Amino acid sequence: MHRPNQPYTETLRVPPAWWVAGLLVVVAVWWAFFVAGPGSVALAAAAVALAIVVTGLVRYGDATVSIDAGGLRAGRAHLPWRYVGAATALDAAATRRALGVDADARAYLLTRPYVGCAVKVGVVDDRDPTPYWLISSRKPAELAACLNARVMQD
């Protein structure tokens, strides 16, 4: 379990199945060019496809959630501790509702479709129209507990 005064970091990397699917796309591109033209063109097309797939999956799966002395970071966004409210761990069903029928269009989202659970973090800033952050997490109970422990200290 995470201790409140220690940093917390979680990277929302894409699952292995996405890498397999990306490899299949590269093979399909290579095959399409291979049957239609010279082998060198097929290899060049496959190399370009591979570069695009790897870049896309690495960038999309590089989303990081972290807690440090400065506050909560989710992707490129930062919420200082003075604005962090109560955090609630959501199971898969609650996460689907929070992204669907219970959604607020003003909320900040850092969600990934391959991570089933999330944490809902209240924003306590009267000047900020964002009511809460919804953050995907593979360890939502741990993340929420860490956030709530830190908020209770302040």
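The values are calculated or read from the model by the stated rules, or taken from the named source; none is laboratory data. What you see is a predicted model, and the numbers here were worked out from it, not measured in a lab. Positions of Cβ are backbone-derived with ideal geometry, glycine not excepted, and every protein chain shown enters the neighbour counts.
Structure notes:
- First in the stretch 104-117 and touching a residue at least 24 places away in the same chain (Cβ under 8 Å) and not assigned by TED's automatic domain parsing to the domain that holds Thr130, second anywhere and among the polar types (S, T, N, Q) and part of a loop (DSSP other than H, G, I, E, B), Cβ under 8 Å, 6 or more apart: none
- Search result, residues across the stretch 94-119 that are surrounded by fewer than 14 Cβ atoms within 10 Å (Cβ to Cβ), over 26 Å from Pro16 (Cα atoms) and of a type outside the set (D, E, K, R): Gly100, Val101, Ala103, Ala105
- One residue alone among Thr55, Thr95, Thr64 is within 16 Å of Leu147 (Cα to Cα) and hydroxyl-bearing (Ser, Thr, Tyr), and that residue is Thr64.
- Residues in the stretch 102-115 that are in a loop (DSSP other than H, G, I, E, B) and more than 15 Å from Ala144 (Cβ to Cβ): Asp102, Ala103, Asp104, Ala105, Arg106, Ala107, Thr111, Arg112, Pro113, Tyr114.
- Long-range neighbours under 6 Å by Cβ, at least six apart or interchain, first residue part of a strand (DSSP E or B) within the stretch 121-135, second polar (S, T, N, Q) and modelled with pLDDT under 95: none
- The set of residues in the stretch 72-103 being under 17 Å from the mean Cα position of the chain (by Cα) and within 19 Å of Asp126 (Cβ to Cβ) consists of Leu72, Ala77, His78, Leu79.
- The stretch 70-93, residues that are surrounded by fewer than 16 Cβ atoms within 10 Å (Cβ to Cβ), among the hydrophobic types (A, V, I, L, M, F, W, C), free of Cβ contacts under 8 Å to residues at least 60 places away in the same chain and not in a helix (DSSP H, G or I): Ala77
- With respect to (1) under 17 Å from Leu147 (Cβ atoms); (2) hydroxyl-bearing (Ser, Thr, Tyr); (3) surrounded by fewer than 18 Cβ atoms within 10 Å (Cβ to Cβ), the lone exception for Tyr8 is condition (3).
- For the stretch 138-148, the criterion of a residue being of a type in the set (A, V, I, L, M) and either in a strand (DSSP E or B) or over 18 Å from the mean Cα position of the chain (by Cα) (or both) is satisfied by at least one position.
- Residue count, the stretch 31-61 (criterion: farther than 30 Å from Gly75 by Cβ and of a type in the set (A, V, I, L, M)): 9
- Of all residues in the stretch 124-147, those satisfying the criterion of being buried (at least 19 other Cβ atoms within 10 Å of the Cβ) and within 27 Å of Ala105 (Cβ to Cβ) are Tyr132, Trp133, Leu134, Ile135, Ser136, Ser137, Pro140, Leu143, Ala144, Leu147.
- Matching option when the condition is in contact (Cβ under 8 Å) with a residue 24 or more places away in the chain, buried (at least 17 other Cβ atoms within 10 Å of the Cβ) and part of a helix (DSSP H, G or I), among Ala49, Ala42: Ala49
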